[in-house]
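Some notes on the structure that comes next.
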Amino acid sequence: MLFSYLSINLFKVTSLLNSKQNQMQKTRLLKTILVINLLFISLVNNAQTPFISIVEDVMEEISVNNYEDEYIDWSNVLQELSEQIEHPLNLNTATRQQLERFPFLSPLQVENTLAYIYIHGQMQTVSELMLVEAMDYETIRYLTPFVCAIPVESSKKIELKELLKTSQTELITQLTIPLYKRKGYKDKYLGPPISHSLKYSFRCADKLYIGLVGAQDAGEPFGALHNKKGYDYYSIYLLIQNFGLLKTLAVGNYQMSFGQGLVLNSGFMMGKSAFLHSTLNKWQGIRKHSSTDEYNYFRGIATTLDLGKRWQLSAFYSHRLLDGVVNEAGEITSIYKSGLHRSESENAKRKAATMQLVGGNINKYFNYLNIGATGVYYVMNRSYQPPTNGYRKYNINGSKFYNIGVDYAWRYRNIFATGEAATGTSGWATVNQLHYEFSSDYRVALVHRYYAHDYWAMYARSFGEGSAVQNENGWYIATQLSPLKCINLYASLDLFSFPWWRYRISKPSQGVDGAIRAVYNPRLPVNIEVSYRFKKRERDVTGTQGENILPTYQHRLRLRLNYLANELFSFRTVVDYNRFAMQRASQGFQFTQMMSYNYRWLKLQLQATYFDTDDYDSHVYVSERSMLYSFYTPSFQGKGFRWSAYARYDINPNWMLMAKFGQTIYRNRFTIGSGSDLINSNRKSDVDVLLRMKF
C-alpha cells in the first residue's frame, strides 16, 4: 500500500516537471506533494517509534556524564524545555537564537532551516523538516516535540487582547515526606523533616513572564525562628521579551550567560555528552530564575536592547546576599552554596556577605561573523580570604574583582568556529571550537581550552573536565556519523592536563577521557543504545600525604533497551558496569527495569534497580522519573535494591496531580549516611506529592 501511494505521487511529480506550468506553481505543487508524502511516511513510522521521554533522555545523558559538578541545578532548563513542549516554537517565526538553544541542532542545521523558510516560504507541517538540507532522522525525532509549523501573516499586528487570550497562570505546590528520621532532628535541626515548595507563574505568549517561588528544605523552620516570614527562600522575577527595541528586561531574580561562559554563565552547561554540539554554550543571554537553586542567580535588573544595524547591548546590576563563613577578623573564608539553614550553625552562615556586580555585553552580528565583549565588576562588603594552601594556593582573595572577555562565532557553509578569551583580576583563559559537517551523516568537532591556574571568575562555567574554569588545559575531539539511517555512532577523546595541584592530587597531572556510543533505532518498537567510557587520571594514595601518586583507570559500560509493547505500555532496561583500578581493582554494576503505562489522563511508572558495588570508586548511577521540572539521578555504593512507583493523574486540562514513592534497601549495612544525617536503618523511603493548577 505504501509503495502504491508513493508511486502514484511520484507519477504526479513527474507529470508536473514535464508540464508547461510556470516555475512558481511547479515549486509550490512539488513542495506540497513531497510534504504529503513525508507526512504520511512520518505517521507510519511514528506509530512504531518507541515512546521515549526526549527531555528525560537528554538530561540523563548530561547528568551521568557531568556528575562531578555537585552544584548543577537542572530545574530551570527542565522547566524551559517542558514549557517548550507545552508551547511549541513556531518554526515560521523562530529566530536564530531560539533554534540555537536546542542541544541537538548543529549551527548548519539552524542556518539551513532559516534559509529554507526564507527561500521556499513558510512551512505547512513539521514533517517538512525532512526537506531541509543536513537534517537527519535522529535530529528530527528529537526536535519534533518542541516545535510546530503554523502559517502567519507577517503584516498582521498582534493586538493586546489576542496576547491576553494566550496568557496562562500556573500554580505548583510540592511536598516531600521522608518515612525515616535523621540523627540531627533529635538535637540539632530546628524544623520538621518535611520539605515543600510553592511556585506561581504567569506567562503571556513568549512576551511576559511573572513568577514567585518559595522553598523550604527539610529541617528548616517554617514561619518560626529565623524564618518568621514563612519559607526559607524566596525568588521573585519579571521577564519581558521582544517588544520592539527591548529584546529582554529582567527584574528580580535572573540568570545570565554570554559568550562561551568564561566570564559569566550562571545557568546550564551541557559539557561532555553524546551530542556533538553539546560543547557549545547554547543558553545565551538573560533568562528568568524560576528554580529553587539558592546560589546560581543574580538579583536586580538586567536588559538587552536591539540597537539596530545588527547591534545588541546588554547591561545588568545585581545586589544580593551570600552565605559563608566569617572569621574573627571579619573576613569571609568560604562561600556556602547549599542553601541549607537547618541548624544554628548553618543559620550562622546565612547572609554573611553582600555582593554587588555591574557589567554589560555588546554584540555585533555580520553575515557570517558575530563578535561580542563581556565585562563584569564585583564588589563585596567583606574581604574574601579563602585558604591558599596546597591545591588552593591560587585562590583569589580581596573584596573587588573584575573579568572581561571577547568572544566570536564564525560560520561559512558547513564550517563553524566559536571561542572566547577572558582575563580578570589575575590569570587568563581561552576556549576555541571548530565544527565541520562533511554531510548530514558525518560531523566532527575539535575543542581546545586553556584555563590558567590563577584565573578566577565567580560565575564562570564552560567546557572542561573540571567544574571550575581554572587550572586546565586540553584538547577534545568528537565525531558523529550515521552509516545507516537506523544507526547513529558517536565517539570522543579528551586529552587534558592540570598545570597545578588539584583536590586529591599533589602535583601537576594529566589524564584521558574517551567515550563511544552506538544507537540502533530501526523505527520499530525497539531502540538499543550501547556506550563505553574510559577515563584515566592520577590521584594521591590515601595516607601518604602526596608522597605516593598512582594513575587511576575507570571503565564504564552501559546497555539501554527501550521497547514499546503497544500504545499503552512501554519498557526500559538499563544495565551498567563500572570498574575502577588504582592499587587494587573494584567493580560495581546495576540492573534497572522500568515499566510505563500511558493512557490519556493517567500515567504510571514502576521502576526497580538492583546494585552491587565494592566501594565508592565503583559506585553506579540510576536515573528515574521525578516530579515536574525536576530530575533525579541518585548514586549507589554497596549492595542493595531501589524501587519507585510514580503516578500522574490529569484530572482535567487545568488540574494535575503527581505522586511518587521511592525506597532504597541496603543489604550490607544497618545505617545510612553519617553525622547529623545518619539514619539508623538499612531502609530509606520518601513520598513526593505535587499538585499543579492552571487557570
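Hey, among the residues in the stretch 535-588 that are assigned to a loop (DSSP other than H, G, I, E, B) and among the charged types (D, E, K, R), which one's farthest from the chain's Cα centre (by Cα)?
Residues of the stretch 535-588 assigned to a loop (DSSP other than H, G, I, E, B): 541-548, 565-568, 582-584.
Keeping just the survivors that are among the charged types (D, E, K, R) gives 547, 567, 584.
Values: Glu547: 39, Glu567: 29, Arg584: 35 Å.
Among residues in the stretch 535-588 that are assigned to a loop (DSSP other than H, G, I, E, B) and among the charged types (D, E, K, R), the one farthest from the chain's Cα centre (by Cα) is Glu547.
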Taking the residues in the stretch 400-412 that are surrounded by fewer than 19 Cβ atoms within 10 Å (Cβ to Cβ) and in contact with an Asp or Glu (Cβ under 9 Å, 6 or more places away or on another chain) as candidates, determine which candidate is nearest to Arg502 (Cα to Cα). Val406
Tell me which residues, restricted to the stretch 63-109, are of a type outside the set (Phe, Trp, Tyr) and modelled with pLDDT under 60. Ser63, Val64, Asn65, Asn66, Glu68, Asp69, Glu70, Ile72, Asp73
For the structure I just gave you, tell me whether Arg523 is more than 30 Å from Tyr391 (Cβ to Cβ), surrounded by fewer than 17 Cβ atoms within 10 Å (Cβ to Cβ) and among the charged types (D, E, K, R). no
Count - residues of the stretch 400-417 that are at pLDDT 95 or above and among the polar types (S, T, N, Q): 1
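Would you pick out the residues in the stretch 367-379 that are of a type in the set (S, T, N, Q), part of a strand (DSSP E or B) and at pLDDT below 95?
Passing the criteria: only Asn370.
Using the structure shown, decide if Lys364 is surrounded by 14 or more Cβ atoms within 10 Å (Cβ to Cβ), assigned to a loop (DSSP other than H, G, I, E, B) and free of Cβ contacts under 8 Å to residues at least 60 places away in the same chain.
On the way: surrounded by 14 or more Cβ atoms within 10 Å (Cβ to Cβ): yes; assigned to a loop (DSSP other than H, G, I, E, B): no; free of Cβ contacts under 8 Å to residues at least 60 places away in the same chain: yes.
Considered against the rule, which asks whether it is surrounded by 14 or more Cβ atoms within 10 Å (Cβ to Cβ), assigned to a loop (DSSP other than H, G, I, E, B) and free of Cβ contacts under 8 Å to residues at least 60 places away in the same chain, Lys364 comes out as no.
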Is it fair to say Met135 is in contact with a Leu (Cβ under 6 Å, 6 or more places away or on another chain), without any contact (Cβ under 8 Å) to a residue 40 or more places away in the chain and buried (at least 18 other Cβ atoms within 10 Å of the Cβ)? no
Please work out which one of (1) small (Gly, Ala, Ser); (2) more than 18 Å from Phe416 (Cβ to Cβ); (3) surrounded by 18 or more Cβ atoms within 10 Å (Cβ to Cβ) is the condition Gly466 fails and give its number. (3)
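Out of Ala315, Ala329, which single residue is among the aliphatic types (A, V, I, L, M) and assigned to a loop (DSSP other than H, G, I, E, B)?
Values: Ala315 fails: assigned to a loop (DSSP other than H, G, I, E, B).
After ruling out the rest, the residue left standing is Ala329.
Residues that are of a type in the set (A, V, I, L, M, F, W, C), buried (at least 19 other Cβ atoms within 10 Å of the Cβ) and touching a residue at least 40 places away in the same chain (Cβ under 8 Å): which strands (runs of 3 or more DSSP E) entirely in the stretch 178-281 hold 2 or more of them? Step through it out loud before you land on a result.
Values: elements: 195-204, 208-216, 233-243, 246-257.
Ranges flagged: 208-216, 246-257.
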Can you tell me which of Gly390, Gly339, Gly324 is out of contact with any Leu (no Cβ under 9 Å at 6 or more places or on another chain) and without any contact (Cβ under 8 Å) to a residue 40 or more places away in the chain? Gly324
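Kindly evaluate Lys309 against the criterion of being in contact with an Asp or Glu (Cβ under 9 Å, 6 or more places away or on another chain) and not acidic (Asp, Glu).
Numbers: in contact with an Asp or Glu (Cβ under 9 Å, 6 or more places away or on another chain): no; not acidic (Asp, Glu): yes.
Spelling it out, it is not the case that Lys309 is in contact with an Asp or Glu (Cβ under 9 Å, 6 or more places away or on another chain) and not acidic (Asp, Glu).
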Does the stretch 119-131 contain any residue that is touching a residue at least 40 places away in the same chain (Cβ under 8 Å) and crowded, with 19+ Cβ neighbours inside 10 Å? yes
Pairs returned, first residue in the stretch 342-358 that is in a loop (DSSP other than H, G, I, E, B), second residue that is of a type in the set (S, T, N, Q), beta-carbon separation under 9 angstrom, 6 or more apart or interchain, are Arg342/Ser676; Ser343/Ser676; Lys349/Ser334
Meets criteria (in contact with a Leu (Cβ under 9 Å, 6 or more places away or on another chain), over 30 Å from Ile487 (Cβ atoms), in contact (Cβ under 8 Å) with a residue 12 or more places away in the chain and among the β-branched types (Val, Ile, Thr)) for Val406: no
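The values are calculated or read from the model by the stated rules, or taken from the named source; none is laboratory data. Here the structure is a predicted model, which is why all the values come from computation and not from measurement. When we count neighbours, we look across all protein chains shown, and the Cβ atoms used for this are built from the backbone with ideal geometry, even at glycine.
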